[in-house]
1. Between ARG311 and residues 5 or more places away or on another chain, which pairs have amide H atoms under 5 Å apart, with H built 1.01 Å from N, and which residues are they?
2. Taking amide H atoms as placed 1.01 Å from N in the peptide plane, list the residues 5 or more away in sequence, or in a different chain, whose amide H sits under 5 Å from that of LEU329.
3. Identify the residues of segment 239-259 with backbone N under 19 Å of a label point that sits 7 angstrom from the Cα of MET168 along the Cα-to-Cβ direction, or state none.
4. Packing-wise, with mean Cβ within 10 Å as the measure, how do 213-219, 88-94 rank, highest first?
5. How large is ³J(HN,Hα) for each residue in segment 242-248, as worked out from phi by the Karplus curve 6.51 cos²θ - 1.76 cosθ + 1.60 (θ = phi - 60°), to whole Hz, x for Gly and Pro?
6. Tabulate in residue order the Karplus-calculated ³J(HN,Hα) for segment 328-341, using 6.51 cos²θ - 1.76 cosθ + 1.60 with θ = phi - 60°, rounded to whole Hz; enter x for Gly and Pro.
7. What GluC sites (Glu not before Pro) does segment 479-511 have in DSSP loop regions with at most 10 other beta carbons within 10 Å?
8. Which FRET efficiency, nearest 0.05, do LYS371 and LEU512 yield, Cβ-Cβ r, R0 30 Å?
Amino acid sequence: MMNQLDYFKQFVPRQSEQPKMEMFVWIYTRVSSKEQFEKNSSVENQLEANRSYAKQMNFSITEEFGGTYESAKSDFTRKEFKRLIDKVKSSRKRPYAILVYKMSRFSRSGGNAIGLVNRLVEELGVHLIEVSTGLTTTSERGKAAIYESLFHAYKENIERKEIIIPGMKRKLLKGFWLGNVPLGYDQYGPRVKREKFFSKEQKVVINNYGQLLREAWTWKASGIYNDAQILSKLSARGLKLTPQKISAIWKKPFYCGVLAHHLLEEPVKGNWEALVSIDDFKKVQEILSGHHSGYKHQKEEENRPLLRLLRCNNCGSYLVGYYVSKKDLHYYRCLKCPGVSLTAKTPSLRARRVGAFELFQTFLRKFEIPKSIFPLVLKQLTKLFNHHQKENLENDHLLEIRLKEFEKKKKELTIRRGLGEIDTDTYNITLEHITIEMQSIYKELNTVPSKISNLEKLLNSALKKLQKLSVYWGSSDLSGKRMLHKILFPEGVFYIPEKHEYLTKKINGFLLLTSSILAEYTSNKNRNSLDFSESSGLVARTRIELVSRV
């Protein structure tokens with residue numbers, strides 16, 4: 001019978017021998033963090049292992065992906081991973097396989113990763129090979145093992161999160177910062193890269209760039225300067241930033257000392273000094289949301305120059321503008337308080353009430369310096385400013401002496417370390433103390449107003465503008481008017497509808513000073529000018545912006 005069956009062997013279907021083809025593969029490598037990428041050779045080790053495996057299996061490597069740090073918490077937020085998958089899908093000639101050192105390097109997303117690998121194999125004909133174990137999706141058993149490896153990586157990721165994330169949350173809730181600090185700060189701590197910033201506890205300290213950014217925040221919050229002007233001013237002081245960078249800075253709560261993190265449900269107060277107050281941070285956000293940077297004016301706004309200045313005294317809201325075509329008149333009104341409205345300009349000579357424009361000019365005249373007492377006011381201001389500057393210079397001198405003392409101590413400390421007289425721990429602790437002290441002095445020096453050259457000339461110019469403030473405002477263009485508004489009345493001007501008049505709750509320091517001198521002179525008209533000049537008890541305010549700087 002066997003011999004008879006042998007006869008039928010000639011009828012058994014035979015597969016024709018295919019010529020052996022060269023198989024090409026792609027490589028994917030990855031580490032999770034920048035620190036891993038910079039401090040160890042994991043990516044190079046993965047590459048070497050993948051290339052060695054390909055050579056052993058006679059594979060040709062035609063593409064390499066990854067080679068950088070990308071978190072595996074989500075697959076398609078990784079640029080290199082997405083580039084790999086997109087190219088697999090779009091290529092007419094797909095690779096035989098993708099080589100990865102371990103499945104955890106490919107993905108930690110669990111079910112999503114398993115579904116992706118299944119599609120690569122079943123729909124696109126591209127296999128996955130784990131080089132460290134030799135597992136491959138070319139067999140059903142190998143495919144199951146790789147799926148198990150991917151799920152294990154997912155489970156391992158969950159276990160890590162259960163341990164690490166609660167610890168991170170505890171740190172954040174205590175106000176500690178995680179990761180690199182934004183521009184303008186130096187970070188001291190136990191895990192910093194540079195030795196001079198080593199500290200047992202985290203400390204976030206404002207540096208020299210931070211002092212410049214503090215000024216930038218003040219400029220932005222004033223509403224006077226747009227980003228282009230601020231970038232120019234910073235560049236002149238040695239800090240060059242791109243428009244994108246300064247735009248990102250305005251949106252970081254970090255700069256007002258607030259920690260807002262995706263791991264926390266509510267923001268918390270950070271353990272670092274703020275560059276900007278919360279109120280000024282909010283002002284900047286209002287400016288950004290209103291697109292006030294640069295002031296692109298509509299034609300109608302030329303007829304309503306007091307927009308974003310006039311506020312309702314009843315509710316505090318800014319008055320809005322509108323146009324009535326039948327009357328050909330522009331108006332201001334409060335959206336919250338019924339009946340609170342006034343015309344932008346006096347409609348006619350017979351009108352019972354003057355318009356907002358003329359009412360504002362009358363309001364400005366209250367701050368004008370009468371020609372008759374101009375020399376007296378100039379003399380008094382010069383006296384006050386000189387007294388104030390003398391105090392500043394004395395304070396400045398004392399701070400510079402202290403700074404030189406600490407610089408000397410720092411130099412002596414370095415010499416003692418070089419001679420081996422002190423150990424590294426003592427050196428680091430002492431250096432940290434000296435550095436913090438020096439930074440506090442630098443900060444204080446930065447807040448001391450510099451000496452004003454040509455003081456009398458500057459005061460004379462400012463007072464001349466105050467002599468005819470209403471005329472000066474009326475002849476300015478829209479941008480000039482709004483710049484004056486911000487300088488003179490930073491919190492706006494309040495309209496009292498019952499009295500049809502304006503009042504202001506906060507005015508520019510220089511304007512407040514001249515108004516005080518005027519009030520004192522008016523109440524002492526019977527005294528001579530010498531008595532007035534010598535006995536005045538007024539004290540010059542700090543951070544005074546002279547009107548002549550408009």
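No value in this document is a laboratory result; all are computed from the given coordinates. The model shown is predicted, which means the values in this text are computed figures rather than measured ones. Please note: Cβ atoms are built from the backbone with ideal geometry, for glycine as well, and neighbour counts cover all protein chains shown.
1. HN-HN under 5 Å from ARG311: LEU319, VAL493, PHE494, TYR495.
2. VAL324
3. So the set is 253-254, 259.
4. 213-219, 88-94
5. So the J values, rounded to whole Hz, are 8, x, 5, 5, 5, 5, 5.
6. 6, 10, 9, 10, 10, 8, 8, 6, 9, 10, x, x, 8, 7
7. Here the sparse-neighbourhood loop sites are GLU498.
8. 0.90
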